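Here is the structure we will look at, set down as structure tokens.
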Amino acid sequence: KWRLMLTAKRSEIMRRIINSRYIIINGKKFYNIPTIIKWIENDAALLKKLEPPFVSMVHGDLHFDNFLVDISQMPMVKFILFDPRGLDRKYDYTYDLGKLWHSFHSKYDLIHEGLFKIEYRFKENAFIADMAFTDNKLVSVYEKINEEFPKILQDIPLLKKDKNWVIRTHFSEMSHLCSVMPFHIKYDEKERLAIALYLIGVKLANDFVFRYCGDAARNKVFLTTYANINTFEDYIKAKKLFE
């Protein structure tokens with residue numbers, strides 16, 4: 001939440017996006033992040049599933065850019081991890097899994113390297129964007145990793161005992177993408193990188209709540225919008241939202 005607020009203060013275009021009621025991506029309509037947050041907060045059963053059974057030391061930023069690969073002793077391959085950020089405290093290990101997922105499933109690496117095209121505009125209460133990756137070969141590689149990687153994990157004894165690790169991993173991936181855009185604001189009046197990351201986060205968030213969040217929890221929450229009330233005229237406008 002605080003990152004959304006910080007972004008709204010730092011960038012006018014991101015403020016308008018965050019305050020839009022709907023996000024339309026490649027012609028498909030999604031609910032915006034503030035509404036998603038409310039849905040999750042009002043689903044007690046889902047919140048219980050998001051509680052980790054234990055905490056442990058984690059890397060804290062386990063995405064592909066923080067891997068060094070030593071192939072000097074093939075067929076043995078060694079991985080060297082650097083830039084750890086989670087060694088001072090203990091966390092849910094799915095935080096790290098979510099970072100991996102956001103690399104190969106959400107294709108954060110491709111976005112970070114600018115391998116996409118995007119066009120966008122505002123219309124009434126919606127932000128409308130068309131976005132596509134531009135390197136089909138790399139997209140295929142990442143989709144193959146996304147297909148194979150879960151197969152590697154399915155036989156790990158620890159994960160077999162943790163029945164909700166997939167839900168928490170998906171939540172972590174979603175959270176990473178929804179919160180990372182403040183760190184990619186360029187102040188260039190375009191913000192294509194920050195916007196692209198936010199769009200992926202919006203899609204992940206919608207996929208998450210419609211997969212895991214109960215209908216009853218969603219029905220209790222009005223679609224979230226913001227009202228800045230400074231005058232009586234502002235009050236009249238805000239009051240209409242609840243009529």
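With a 1.4 Å probe rolled over the protein heavy atoms of all chains, the accessible area of LYS90, LYS203 falls in the order LYS90, LYS203, largest first.
Counting only alpha carbon atoms, the long axis of helix 165-179 and the longest principal axis of the chain meet at about 60°. Working from label points 7 Å from Cα in the Cα-to-Cβ sense, the PHE64 to ILE80 distance is 2.1 nm.
The Cβ shell under 10 Å around HIS184 holds other residues with a net charge of +1, Lys and Arg each +1, Asp and Glu each -1. Of the beta bridges in the chain, as assigned by DSSP with both residues counted there, near 80 percent are antiparallel.
Note on the chain: GNM, Cα springs under 10 Å; of ASP188, ASP162, ASP61, the largest mean-square fluctuation is that of ASP188. Taking the chain as a Gaussian network of alpha-carbon nodes connected by springs under 10 Å, the highest mean-square fluctuation of the residues LEU81, LEU199, LEU46 belongs to LEU81.
Look at where the Cα atoms of the range 143-195 and of the range 97-119 average out, and the two centres are 9 Å apart. The protection proxy used here, the mean number of other Cβ atoms lying within 10 Å of each residue, ranks peptides 20-27, 153-160 as follows, highest first: 20-27, 153-160. Count Lys and Arg as plus one, Asp and Glu as minus one, and take only other residues whose Cβ is under 14 Å from that of LEU81; the net charge is then -2.
Using a probe radius of 1.4 angstrom, the carbon and sulfur fraction of the accessible surface of the range 69-160 is 55%. Ranking of ARG89, ARG218 by solvent-accessible surface, largest first: ARG89, ARG218 (1.4 Å probe, protein heavy atoms only, all chains present). Segment ALA44..ASN219, full-extension length gain: 61.6 nm, with 0.36 nm per residue of separation and the alpha-carbon distance subtracted.
Farthest towards the positive end of the charge dipole of the chain, among the residues MET76, ASN146, LEU46, is the Cα of LEU46, using unit charges on the Cβ of Lys, Arg, Asp and Glu.
In this structure the range 20-75 gives 55 Å² per residue of accessible area when probed at 1.4 Å with all protein chains present. For the range 104-210, the Cα gyration tensor yields ellipsoid semi-axes of 29, 17, 12 Å (square root of five times each eigenvalue, largest first, whole Å).
Only Lys, Arg, Asp and Glu carry charge here, each on its Cβ (+1 for the first two, -1 for the last two); on that basis the range 1-121 has a dipole of about 780 debye about its Cα centre. Placing +1 on the Cβ of every Lys and Arg and -1 on the Cβ of every Asp and Glu, with no other charges, gives the chain a dipole of roughly 720 debye about its Cα centre. Counting lysine pairs in the range 84-146 whose alpha carbons fall under 24 angstrom apart, excluding pairs fewer than 8 residues apart on the same chain, gives 10.
Based on Cα contacts under 8 Å between residues 6+ apart, the chain shows a relative contact order of 27 percent. For the range 27-88, lysine pairs with C-alpha atoms less than 30 angstrom apart, excluding pairs fewer than eight positions apart on the same chain, total 7.
The values are calculated or read from the model by the stated rules, or taken from the named source; none is laboratory data. Predicted model, so just to flag it, every value in this text is computed and none were measured. All Cβ positions, glycine included, derive from the backbone under ideal geometry; neighbour counts span all protein chains shown. Just the protein is used for accessible areas: all its heavy atoms, side chains included, with ligands, DNA and RNA removed. Shrake-Rupley method; radii C 1.70, N 1.55, O 1.52, S 1.80 Å.
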